[in-house]
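Participant: Input: one structure, supplied below.
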Amino acid sequence: MTHQIPRRAAVGFVAVGAACAACARYGGPQSPDQGDNQAAGSQTSTGEVLGKAADVPVGGGKVFANQKIVVTQPEAGQYKGFSAVCTHQGCLVDAVADGTINCPCHASKFKVTDGSVTAGPAPTPLAAMNVTVNEYGELVTGGSAPPGTEETTAPGTTGETTAPGTTEPQGGGGDVLATTDAIPVGGGMILQDKELVVTQPTAGKFMAFSAVCTHQGCIVDAISGGTINCPCHGSKFKLDGSVSQGPATEPLSARTVKVSGDQISLA
């Protein structure tokens, strides 16, 4: 799976955050990338280095605009990651202050503890993102927690889905999305009310993604010819969420699902 997050990625507590992607509505402005203190070009075996964990204040956070990720530290040693894309109209949040993550476009605010909405018009929480701290004290996208840290999985963690007979990812159960026979092999289904897409690229492999196009926040509206299609500017995504045709440049945000019998649900 392209852009797959490891199943046992440590998230949620003690040097970890949780994963996912933004659910934006069409029509919102896309804030230009802003400078951050990403270590330029720096990579590790577990992901991309965002910056020093010490730069994230306790009770606050830091926005990494280039990566569209915001990292918070609600309590000392507890790091959490969220998409920096506001769920109202797709602006990038630009500040963390007084316990909230703040959007400059229409004043939506989100809690630093869990990304939930504290002030609208945003209708849904910020999507959780997987962030860890490596042995050098750096914030890293993806990967596993360093030895000795607590491994827990928060709801909404992204990653590969599980088919019957395979190991399920960690995390609690969620809403039933569809039955397995409703998702055709080599195709998928768009759940407009949940802003989700469920696909079955190959027999028995079910995957799910945000239905929000990563170009300008339109909701994709069709799956045909092996691609998930956006009606606004012609972007297309493969059944694994990766970009098949622009102008979108980033994949659809993954959601973790599990299969129990003939039911596909959020993990």
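Participant: Within region 201-236, whose backbone N sits under 16 Å from a point 7 Å along Cα→Cβ of Thr249?
Facilitator: Answer for region 201-236: 214-217, 235-236.
Participant: For Ala84, what residues show an amide H to amide H distance below 5 Å, using hydrogens built from the backbone and excluding near sequence neighbours?
Facilitator: Close amide H contacts, sequence-distant or interchain: Ile69, Val70.
Participant: Excluding residues on the same chain fewer than 8 positions from Lys62, give the lysines whose Cα lies under 26 Å from its Cα.
Facilitator: Counting by Cα, and skipping residues close in sequence, Lys62 has these lysines nearby: Lys52, Lys80, Lys109, Lys111.
Participant: What is the extension gain from Asp193 to Asn66, computed as 0.36 nm multiplied by their sequence separation minus the C-alpha to C-alpha distance, in nm to one decimal? Display every interim value, and only then the final one.
Facilitator: Numbers: separation 127, 0.36 × 127 = 45.72 nm, distance 2.98 nm.
Contour length minus Cα-Cα distance gives 42.7 nm.
Participant: With a 1.4 Å probe and all protein chains kept in place, how much accessible area does Glu250 have, in Å² rounded to the nearest 10?
Facilitator: Roughly 70 Å² of Glu250 is accessible to a 1.4 Å probe.
Participant: For the pair Thr202 and Thr179, what calculated FRET efficiency results from E = 1/(1 + (r/R0)^6), where r is the Cβ-Cβ distance and R0 = 22 Å, to the nearest 0.05?
Facilitator: Numbers: r = 18 Å, r/R0 = 0.82.
Computed FRET efficiency for Thr179 and Thr202: 0.75.
Participant: Same structure, new question: When a/c is below 1.5 the answer is rounded, else prolate if a/b is larger than b/c, else oblate, so apply that to region 169-267 with a ≥ b ≥ c taken from the square roots of the Cα gyration tensor eigenvalues.
Facilitator: prolate
The values are calculated or read from the model by the stated rules, or taken from the named source; none is laboratory data. In this text the structure is predicted, and so the values were computed from the model without any measurement. Cβ atoms come from the backbone with ideal geometry, glycine included; neighbour counts cover every protein chain shown. What goes into the accessible areas is simple: the full protein's heavy atoms, side chains included, and nothing from ligands, DNA or RNA. Shrake-Rupley method; radii C 1.70, N 1.55, O 1.52, S 1.80 Å.
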